[in-house]
Amino acid sequence: MRSICPVVKRVEETPSTVTLTFDYETRTSPGQFVMLWIPGDDEIPMSLSYVGAPKGVTVKVMGATSRHIQDLRPGELIGVRGPYGNTFDLSPRRILIVAGGSGAAVLAPAAEAAIAGGSKVSVALGATVAAELLFARRFEGMGAHVHIATDDGSLGAKGYVTALLPKILAEGRFDAVWTCGPEVMMTKVIAAARPLDVPVYCSVERQMKCALGLCDACALGPLHVCIDGPVFSGERLAAIPEFGHSKRDSSGRRVPH
């Protein structure tokens, strides 16, 4: 059932991302997503970047609807239904988070919940340029140890965030790796952790239309991201040939990443 909620606050996080918070009383957990809708427009999935009160989503423009959502101002209305999907297991005591771009949005509330439960969290945070680093201060503020990489070297190490992993994994004794970002990036995270037998859990983003497992838009091999995920073990994903190689576009056609 959809609720119509007023936007409480709008924060420009980076030049390309905006956080909107809204009053939504339904209980949610780190890793879950909601479907957002503007009257007269389309409905799209968004991972929750804040799961307390108020709830929040952090929006990067991917098309016309996400642009319209990003442009909402406090007091304007948005339709929300959900939450949907599974959550991160908060039991590991030492966690490495690997976030690429807007993938930090779903991982930040998971990190907060883990730290609140007594876990130690390290974060490898990547972006194209320093200005696009998402939630670096938020991760630092919650007590996580943050490693940074930017494609152009404007802050932290120069290059992809996955290049940081061999050293971080060798120096730390991690019980789990949580990651979200481009699928190609997540395949590299899985590969880096495999020799050390550290389990990896990936939050996967795919086209979604119904969030109920009916429309097949988010099919990933034999799975549906909306009801089987969005959080999957790296071991399970590595067994699906299309993961990291192809996806479905808005019309349902399979296209390469």
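Coordinate-derived values only; no laboratory data. Just so you know, these numbers come straight off a predicted model, no measurement behind them. When we count neighbours, we look across all protein chains shown, and the Cβ atoms used for this are built from the backbone with ideal geometry, even at glycine.
Brief remarks follow.
- Choice from C215, C226, C180 with maximal GNM fluctuation in the chain (Cα, 10 Å cutoff): C215
- Potential lengthening between A53 and E140 on full extension [0.36 nm per residue; Cα-Cα distance subtracted]: 29.2 nm
- Cα centroid of region 15-53 to Cα centroid of region 94-129, whole Å: 18
- Cα gyration tensor, region 3-84 - rounded (a/c under 1.5), prolate or oblate: rounded
- Column: log10 I(q)/I(0), Debye, Cα scatterers of the chain, q = 0.09, 0.14, 0.17 Å⁻¹: -0.37, -0.94, -1.41
- Sum of side-chain charges, D41 neighbourhood, beta-carbon under 13 Å (Lys, Arg +1; Asp, Glu -1): -3
- Spin-label model distance (nm) - D23 vs I227, 7 Å beyond Cα toward Cβ: 3.4
- Alpha-carbon Debye profile of region 130-257, log10 I(q)/I(0) at 0.13, 0.23 Å⁻¹: -0.63, -1.33
- Here region 137-179 is treated as a sphere whose radius is the Kirkwood value from Cα pairs; by Stokes-Einstein at 10 °C and 1.306 mPa s it diffuses with a coefficient of 137 µm²/s.
- Taking 7 Å steps out from each Cα toward its Cβ at S250 and D71 produces label points 1.5 nm apart.
- A simple count of charges around A144, restricted to other residues whose Cβ falls under 13 Å of its Cβ and scoring Lys, Arg +1 and Asp, Glu -1, yields +2.
- For region 93-193: rounded, prolate or oblate by the Cα gyration tensor [a/c cutoff 1.5]: oblate
- Each residue, E12 and K158, gets one label point 7 Å from its Cα in the Cβ direction; the gap between the two is 2.9 nm.
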